[in-house]
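*Asks:* Let me begin by handing over the structure; questions about it come next.
Bear in mind these aren't lab numbers, they're just calculated from the coordinates by the rules spelled out. Worth saying up front: this structure is predicted, and the values here are computed from it rather than measured.
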């Protein structure tokens, strides 16, 4: 019997309206094949919202499925990481209500990889609209998302983490 590759990662829900928490748990649980009960804490950066995080183990590309499920909910900020595994790049996916979703391949040390196609496109688009190359490259590297999420990340330091495994 062949062994399916697995990887691991972390889902950070940086802020969510409290009313969506049960729906977020159901969505993640449906993908993991197990019940998910997260520890939700108040998010001081955005009053009336909560935050949580969860570590996971599952199939490669589970992070993209999680991101797709979470993106369906309005007004949440999240970040999902997936470590590289045999035959698969790692990835980082970030979403905010104001900026939408951003994704990048990720190396074993958490570094962002920018493909030559994305870089060429950013250069061409910047040139076409008279935009700064620095700003265009910053956007391709996720700079606007990182700047928006940084206060939310800081507020989440020391939060409890729960490990969940995807059921085959």
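*Asks:* Of the DSSP beta bridges with both residues in the chain, give the percent that are antiparallel, rounding to the nearest 5.
*Replies:* Working: 32 of 36 bridges.
Once the DSSP bridges in the chain are tallied, antiparallel ones form about 90 percent.
*Asks:* Further, regarding this structure: Rounded, prolate or oblate: which fits the chain, taking a ≥ b ≥ c as square roots of the Cα gyration tensor eigenvalues, rounded meaning a/c under 1.5, else prolate when a/b beats b/c?
*Replies:* Because a/c hits 1.5 or more and a/b fails to exceed b/c, the chain counts as oblate.
*Asks:* For region 47-102, what's the radius of gyration and Dmax over Cα atoms, in angstrom?
*Replies:* In order Rg, Dmax, the Cα atoms of region 47-102 give 12.3, 42 Å.
*Asks:* Divide, for region 120-159, the radius of gyration over alpha carbons by 2.2 N^0.38 Å, where N is the residue count.
*Replies:* 1.58
*Asks:* Relative to the longest principal axis of the chain, what angle (0 to 90°, nearest 10) does the C-alpha long axis of helix 21-32 take?
*Replies:* Helix 21-32 and the main axis of the chain meet at about 90 degrees.
*Asks:* Would region 90-151 count as rounded, prolate or oblate if I go by the C-alpha gyration tensor, calling it rounded below 1.5 in a/c and otherwise prolate when a/b exceeds b/c, oblate otherwise?
*Replies:* Numbers: a/c = 2.21, a/b = 1.30, b/c = 1.70.
Oblate shape, in that a/c is at least 1.5 and b/c is the bigger or equal ratio.
*Asks:* Still on this structure, I have one more. Expressed as an acute angle from 0 to 90° and rounded to the nearest 10, what is the orientation of the C-alpha long axis of helix 62-71 relative to the principal long axis of the chain?
*Replies:* On a 0 to 90 degree scale, this one is about 90.
*Asks:* Relative contact order for region 1-86: what percent, with Cα pairs under 8 Å and sequence separation of 6 or more?
*Replies:* Numbers: 140 pairs, mean separation 41.4, N = 86.
Value for region 1-86: 48 percent.
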